[in-house]
Amino acid sequence: MTTRAVYPGSFDPVTNGHLDMIERGLNVFDHLIVAVAVNADKRCLFTVEERLDLIRRSLGDRPNVAVDTFSGLLIEYMRKRQVRVVLRGLRAISDFEYELQMALMNRRLAPEVETFFMMAGESYSYLSARIVKEIASMGGEVQGLVPPAALEALRRKFGGTR
Ligand code: PNS
């Protein structure tokens, strides 16, 4: 039996923390779908196409990872793709409340869907796409926090980080 999971998120942009989750997720699941949320409510720096492209370029050629988008409810997407596991990362205690709320709400909406949490790698426990964007927008150094494709994209958006 092939075990599959959906790793959903905004990925605005993909960070080394996300890539670490994907890498370690593949130690647990045979196949991952990285699902980029098309969220009308959330103002993203990068378009969905840009976010997809950055993930694809950062992952390289991996037959056991698919990159896709979804809009609307995550559980509807899960049902459409016939996947029953949502993979999410936990960095700090501060993530817990939001993640618990989402996991329980998703379970209420779709009891057949289970959320599987993995702790972020310790070098990424303080890393978030939001903080990366803030630092990059003010000219700070984000090399080592995001893959080269995202670093280049941030430099293009903000006219060059150091
Ligand atoms: O990377 P993020 O922003 O933490 O990812 C959050 C995401 C996209 C996984 C979450 O907002 C989501 O699932 N959005 C889809 C809409 C939905 O299903 N909302 C109800 C969840 S309880």
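Annotation: the stretch 100-162 has a Kirkwood hydrodynamic radius of 14.0 angstrom, from the mean reciprocal C-alpha pair distance. Just to confirm the number: angle between the C-alpha axis of helix 48-59 and the first principal axis of the chain, 0 to 90 degrees, nearest 10? Orientation of helix 48-59: about 90 degrees from the principal axis. Entry note, the chain: relative contact order of 28 percent, from Cα contacts under 8 Å with a spacing of 6+ residues.
Mean-square fluctuations from a GNM of the chain, with a 10 angstrom spring cutoff on Cα atoms, peak among Arg88, Arg107, Arg56 at Arg107. Shape of the chain from its Cα gyration tensor (a ≥ b ≥ c, root eigenvalues): rounded if a/c is under 1.5, otherwise prolate when a/b > b/c, or oblate? Verdict is prolate for the chain. Simple rule: put +1 on each Lys or Arg Cβ and -1 on each Asp or Glu Cβ in the stretch 3-162, find the dipole, and look at Thr47, Asn64, Ala136; the Cα lying farthest toward the positive end is Thr47. The charge dipole of the chain, taken about the Cα centre with unit charges on the Cβ atoms of Lys, Arg (+1) and Asp, Glu (-1), comes to about 240 debye, rounded to the nearest 20.
FYI, it's all coordinate maths here, none of it is from the lab. As the structure is a prediction and not an experimental result, all values here were calculated from the model. Every residue, glycine as well, gets a Cβ built from its backbone with ideal geometry; the counts of neighbours run over all protein chains shown.
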